[in-house]
Structures are given as C-alpha cells and as structure tokens.
Amino acid sequence: MSPRLTLGLLLAAAPLSLLLAALSGSISVDPGAALTGDDPLARTLVFDLRLPRALAAFATGGLLALAGALMQVLLRNPLADPYVLGISGGAAVAALLSLLAGLGGLLLAGNAFLGALASMLLVFGLAHGRGAWTTTRLLLTGVVVAAGWGAVISLLLALAPARDLHGMLFWLMGDLSQPPTPWWGLLICGLGLLLCLPLARDLNVLARGELAAAALGVTVPRLRLQLYFIASLLTGAAVTIAGSIGFVGLVIPHLLRLAGLRDHRHLLPGCVLAGGSLLVLADTLARSVVAPQQLPVGVITALLGVPLFLYLLNRRGGGL
C-alpha cells in the first residue's frame, strides 16, 4: 500500500471515529435531531459532552503518538515511548498534590503541565552535567528520575485520604471523564506537527545512525536538543489533558512503519491521525462497555496494546 493511500485512509478514519464517539453511549441519540436542535437532550449529549471529550481524546492520542515517534528516533530505541524520560512522573506528582489540595479543572491541568516542565528541565540538566549529553546518558537519567517520581507517587497514595484515592487512581490510569477544553490540546498537537515536519529529512538520516547523519551534514547535537524539547512538551500536554495513558506512543509508530510509512514526512502526520483515532475509539469503549459506569481509558489502551505489541514482536521475528 502506498504511503499516500495509507494517509488517505487515516484521514478518512479520523472524522469517522469522532462521529462514532459522538453517537455512542449509554443513551442513544438521533443525529438529525441533535443537528437541528429538535431534541435538546440529544444536542447537549453530542455537542456539550461527547464531542468535546472525543476531541480531547483525539488531541491526546495525536500528541502521544507524535512524541513516541520522536522519542524512538532520539533515543534510537524501538521500546522508547513518551513516558520513558520521566516527564509524566513530574506531571503526576503535581496533579496528585493538586487533587489532595482540592484543586481541579484548569488549576489541576496547569499544575500538571508545570510538573511536566519541571521534570523535563531536571532530566535535561542532570543528563547534560558539565558537558555534552549522549542519548545513553539521557535515557539512564530519565529512567532514574522516573523511578524517583514513582516512589513519590506511591508515598502520596499511601498518605492520601480514602475519599481522594479513587480520583487519584483514575488520573494515574488515564481519565478523560473531565478533560479541559480540547482546543488548546488540538492547537499544541498541530503546532508540534508543524515544528516536526521541517525536521523530517534529518530524522530519516538520524534513524540510520549519528555518524551517518553527521557525515550527511546534519547537526546532530542541535537536532537531538530540538527533538527532546518538542517531544517533552508534547508529552506534558498529553498528560495534562488525560493523565498517563500507555501504549499509544509505543505501538502506533511501529504499526505505521509496518504499513509502509517509514519516511518521517509521512510517518509524523500518520501518527497524529492514527494515535488520535485509536484513543477516540478506546475512550468510546471505556465509557460504553460497562455503561453507565466508566473505565479509565488507560485500561482499554493497555488491553488493546499488549496483544498488538506481542503481535508486532512476532511479526518481526522477535525484534522491532
């Protein structure tokens, strides 16, 4: 299948996933009545509740998949995902502290983003040290910082009052039940893609190795720095919207490469479309499969991602 055809199919799947999310739920709605306003309940369900949530899910999935593709090139590690450098840990600690303080809404989202930003600067500062940093040093520093954040999260959960535990655990597993306005997430996702597309040629070369990239005229240290900050900000934005949602940033880039999108000029927009559509469908399942009870969307992505990732491993003969 040609890359253009694959991108065309993904482009068609995105609005279809949003339409399915808007019409699916514990209460069935008439699309015509919702559009014309003849049924106020249907219009409220579609345009005030379901569609904003679906758009937030699309933005989150696009951010995670795009960040995952960048991380895999930056670290030259097929198992790299948006959370590998501890960015989500800083956001999680800030968010849990906000929940313990009784904060919510924009204050919760803002504090989570500040926590992600602080963790990003901490990892970069520690990895850089007194000289230039390498991908190995960056990865090891990120893993250690992530472990430290994990210990702080465990401590907060152990000390938290019982009344707050449910909300804290839902946030940690990925929750789109009360997302902030989706428009800023979509805006960041679009800006991130616009920043990455001019780097696509350099990413293609860097994927072959740093020596090859340097020999072909790529300024590798500057490119690595750009990739780190762009991927970190994309991850921070995604975690701010929906908490920690696994497997989207890990699986989607590999799946699209298997579909023929190896050129980053095609892979990066494909990641946004496929990641967004996948998370919209996963969130639709999360709020519909045991309706009216809702599941954390991170549980659904894990249930879908584990067998899919094992299939990818088997397809590639034990390695990606």
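Magnitude of the charge dipole for the chain, about its Cα centre and with charges confined to Cβ atoms of Lys, Arg (+1) and Asp, Glu (-1), is about 1020 debye. Against the chain, whose longest principal axis is taken from its Cα atoms, helix 264-288 shows a tilt of about 30°. Counting 0.36 nm for each residue step from Ser288 to Leu35 and taking away their Cα separation leaves a gain of 88.9 nm.
Round to the nearest 10 and give me the degree value, 0 to 90, for the angle of helix 87-100's Cα axis relative to the longest principal axis of the chain. Taking the Cα atoms of the chain, the angle to 87-100 is about 40 degrees. Among residues other than Leu176 whose Cβ falls under 10 Å from its Cβ, what is the net charge (Lys/Arg +1, Asp/Glu -1)? My count for the surroundings of Leu176 gives 0.
How much net charge surrounds Ala212 when only other residues with a Cβ under 15 Å from its Cβ are counted (Lys, Arg +1; Asp, Glu -1)?
For residues surrounding Ala212, the net value is +2.
What percent does the relative contact order of the chain come to when contacts are Cα pairs within less than 8 Å and at least six residues apart? So the answer I get is 32 percent.
Taking only C-alpha pairs under 8 Å that are 6+ residues apart, what is the relative contact order of region 1-116 in percent?
Numbers: 72 pairs, mean separation 17.2, N = 116.
Computed value for region 1-116: 15 percent relative contact order.
Note on region 3-315: dipole from Cβ charges, positive end direction compared against Leu55, Met71, Val29; the farthest Cα belongs to Met71. Simple rule: put +1 on each Lys or Arg Cβ and -1 on each Asp or Glu Cβ in the chain, find the dipole, and look at Phe309, Pro40, Ser277; the Cα lying farthest toward the positive end is Phe309. Only helices enter this figure: runs of n ≥ 4 DSSP H residues, each worth -39500 (n - 2.57), summed and divided by the residues of the chain, yield -24500 deg cm²/dmol at 222 nm to the nearest 500.
Values in this text are rule-based calculations from the coordinates and carry no lab data. It should be emphasised that the depicted structure is a prediction, and the values quoted were computed from it without experimental measurement. Cβ atoms come from the backbone with ideal geometry, glycine included; neighbour counts cover every protein chain shown.
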